[in-house]
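S.K.: This is the structure I want to talk about, given as structure tokens.
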Amino acid sequence: MIEISHVNKWYTPSFQVLTDCTTSVTKGEVVVVCGPSGSGKSTLIKCVNALEPFQSGDISVDGTKVNDPKTNLPKLRSRVGMVFQHFELFPHLKIIDNLCLAQEKVLNRSRDKAMAKGMQLLERVGLKEQAQKFPANLSGGQQQRVAIARALAMDPIVMLFDEPTSALDPEMVSEVLDVMVDLAHEGMTMMVVTHEMGFARKVANRVIFMDRGEIVEDAAKEDFFGKPRSDRAQKFLSKILSH
Amino acid sequence: MFGNLDFDVIRRALPYLFFEGMTFTLTLTGLAALGGLVFGTALALMRLSGFKILGRIAGVYVDFMRSLPLVLVIFWFYFLVPYIGQWVTGASRPISVGAFASSLITFIMFEAAYFSEIMRAGIQSISRGQPAAASALGLTYGQTMRYVVLPQAFRNMLPVLITQTIVLFQDTSLVYVLSITDFLGAASKVAQRDGRLVEMYLFAAVVYFTISCIASYAVRRLQARIAIVR
Ligand SMILES: Nc1ncnc2c1ncn2[C@@H]1O[C@H](COP(=O)(O)OP(=O)(O)OP(=O)(O)O)[C@@H](O)[C@H]1O
Ligand SMILES: [Mg+2]
């Protein structure tokens, strides 16, 4: 579903953020990406839907090459759901309109269809009553659940998550993770940057560990948590698991 | 000192002052603000587009307009527009556009320079995550601007935009150089005709002051409300 091969990216000629990253996510797979701050996790996941350009290598999603200038990027992105650390709901639109905007403007769904789909997804994340409110009136956990619903409204073939719970107060983390666990159990293909190792243990198929722009470890969950091969991954794991 | 002043002249001139003069002033202000906002937003988008040449053109335009006295622009434009029109359409004679059209175009072009700086600041005040989220949903650049970035930029900047429009409202009085009957022009004509300069100019000042004050008060109320929403 996602093929990443030999991706290199520089922000400046002297600063390389991604070094020869190669990995893939197959259909129905849940891949967790972890690693220390600044290791390039966000950058890598943003390369997948071309929110960030990269200088060499290839990425393809469902057979479409994202770094091909001929690729219709808006169309490709509309099939790839993305959830951000800071939710990024549109503050000037009501919750329901946050869910309808792209359905109407990108997928050309009628207002009625978009509303129906939107309400169905809000119900699914337990926020039907909030449809007419503005994002600022919702808690962080609620906003992030809306953001997930907004991405799902586009019927994505794959979902990308960039630290979806790290901006949340601790008591709101689980309400968001629950939604993500459900999604995983339904067979959604997911690439998730997160430090929630409980989530990884529960639903991940593979874990990728990044450090200084490199994919240091790319292993099945059991192997990763069993005995990571690299020192760096071991250190990282013992650090975050001791919390 | 007010002993020999005749304030009744104002009462008699009221219909003329307001139905002709103020109507013109408000129409010019409204249309110029609207046109200036649209053109100014286009300039702001050019400057932020990432295309060097577009940005440079818009930047030079804005700097040029902002370094000229408005009176001169009004004056020169009035005399030049007919010839520009002739050149553009290839007509055999200068095109007559009339004082209203000429002054409206002038104000739109002049105000656009100021509105563009306001809208630029407004667009830059939106966090980069917002356009990123919009793109991630599949919206095109144009749709992202239209449905996500510009509405927020406009809302955040509304108090400043209105404040600039109040300045514009006062500046429209400069059309007197084209002997147009705006509010000040009307007051001035009555003043000359009846020889009541002090009364009429005093009254004009009070009217400009009152309207601007009310508008400023409204802006402060609005600012407070926006602060709550955010
Ligand atoms: N636009 C940019 N220009 C220059 N450097 C950048 C830019 N964006 C990110 N970086 C740098 O690239 C490196 C990788 O950033 P990235 O956000 O991908 O890390 P991350 O693994 O997601 O870290 P975190 O856990 O803090 O989110 C960091 O050192 C960061 O400072
Ligand atoms: Mg990050």
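The values are calculated or read from the model by the stated rules, or taken from the named source; none is laboratory data. This structure is a prediction, so every number in the text was calculated from the model and none was measured. Cβ placement follows ideal geometry from the backbone for every residue including glycine, while neighbour counts extend to all protein chains displayed. For accessibility, only protein heavy atoms count, side chains too; no ligands or nucleic acids. Shrake-Rupley method; radii C 1.70, N 1.55, O 1.52, S 1.80 Å.
S.K.: In what order, largest first, do B:Met200, A:Met188 sit by accessible area if the probe radius is 1.4 Å?
M.R.: The residues order as A:Met188, B:Met200, largest area first.
S.K.: At 0.890 mPa s and 25 °C, plugging the Kirkwood radius over alpha-carbon pairs of chain A into Stokes-Einstein gives what diffusion coefficient in µm²/s?
M.R.: 133
S.K.: In addition: Take every residue in peptide B:123-130, count the Cβ atoms of other chains within 10 Å of its Cβ, and give the average of those counts.
M.R.: 2
S.K.: Divide by every residue of chain B the summed helix terms, -39500 (n - 2.57) for each DSSP H run of at least 4, and state the resulting mean residue ellipticity at 222 nm, rounded to the nearest 500 deg cm²/dmol.
M.R.: After summing the helix terms and dividing by the residues of chain B, the value is -25500 deg cm²/dmol.
S.K.: State in Å² the accessible area per residue of chain A; use a 1.4 Å probe, count heavy atoms of protein chains only, and round to the nearest integer.
M.R.: 44
S.K.: Oh, and also: With a 1.4 Å probe and all protein chains left in place, how much accessible area per residue does region B:1-151 have, in Å²?
M.R.: Accessible area per residue: 54 Å².
S.K.: For region B:8-229, what class follows from the C-alpha gyration tensor (a ≥ b ≥ c being the square roots of its eigenvalues): rounded when a/c is under 1.5, otherwise prolate if a/b is larger than b/c, else oblate?
M.R.: Judged from the Cα gyration tensor, region B:8-229 comes out oblate (a/c at least 1.5, b/c at or above a/b).
S.K.: Could you state how much accessible area B:Asp8 has, in square angstrom rounded to the nearest 10, with a 1.4 Å probe and all protein chains kept in place?
M.R.: Using a 1.4 Å probe on the heavy atoms, I get roughly 60 Å².
S.K.: How large a share of the accessible area of the protein assembly as shown, in percent, is made up of carbon and sulfur atoms when the probe is 1.4 Å and the other protein chains stay in place?
M.R.: 59
S.K.: Please compute the net charge surrounding A:Pro156, taking Lys and Arg as +1 and Asp and Glu as -1 over other residues with Cβ under 14 Å from its Cβ.
M.R.: +3
S.K.: Here's a follow-up. So how much slack lies between A:Gln55 and A:Thr71, counting 0.36 nm per residue of separation and subtracting their Cα-Cα distance, in nm?
M.R.: Taking 0.36 nm per residue and subtracting the Cα distance, the gain is 4.1 nm.
S.K.: Right, another one. When you count, for each residue, the other Cβ atoms within 10 Å and take the mean per peptide, how do B:160-170, B:112-122 rank with the highest first?
M.R.: Going by the mean number of other Cβ atoms within 10 Å, highest first, we get B:112-122, B:160-170.
S.K.: How far is helix A:111-124 tilted, in degrees, relative to the longest principal axis of the Cα atoms in chain A, given as a value from 0 to 90 rounded to the nearest 10?
M.R.: Around 60 degrees separate the two axes.
S.K.: Roughly how many debye, to the nearest 20, is the charge dipole of the protein assembly as shown about its Cα centre, given +1 on each Lys and Arg Cβ, -1 on each Asp and Glu Cβ, and no other charges?
M.R.: Once rounded to the nearest 20, the dipole reads 480 debye.
S.K.: Now a separate question. Compute the Cα gyration tensor for region A:1-88, then decide on rounded, prolate or oblate, letting a ≥ b ≥ c be the square roots of its eigenvalues: rounded whenever a/c is under 1.5, prolate when a/b is larger than b/c in the other cases, and oblate in all that remain.
M.R.: Rounded, since a/c falls under 1.5.
S.K.: Next question, about the same structure. Would you pull out the residues with amide H under 5 Å of A:Val83's amide H, same chain only if 5 or more places away, H placed 1.01 Å from N?
M.R.: Amide H neighbours of A:Val83, under 5 Å, 5+ apart: A:Leu160, A:Phe161, A:Asp162.
S.K.: Per-residue ellipticity at 222 nm for chain A, helices alone: DSSP H runs ≥ 4 residues times -39500 (n - 2.57), over residue total, nearest 500 deg cm²/dmol?
M.R.: -11000 deg cm²/dmol
S.K.: Could I ask something else about it? So, with +1 on the Cβ of K and R and -1 on the Cβ of D and E, and no other charges, what is the size of the charge dipole of region A:82-217 about its Cα centre, to the nearest 20 debye?
M.R.: 560
S.K.: Could you list which residues have their amide H under 5 Å from that of A:Val216, counting only those 5 or more apart in sequence or on another chain, with H placed in the peptide plane?
M.R.: A:Phe209, A:Met210, A:Asp211
S.K.: Something else: Provide the FRET efficiency to the nearest 0.05 for the B:Leu31-A:Ser166 pair, computing r from the beta carbons and using R0 = 56 Å.
M.R.: It comes out at approximately 0.65.
S.K.: Counting Lys and Arg as +1 and Asp and Glu as -1, what is the net charge of the other residues whose Cβ lies under 13 Å from the Cβ of B:Met46?
M.R.: +3
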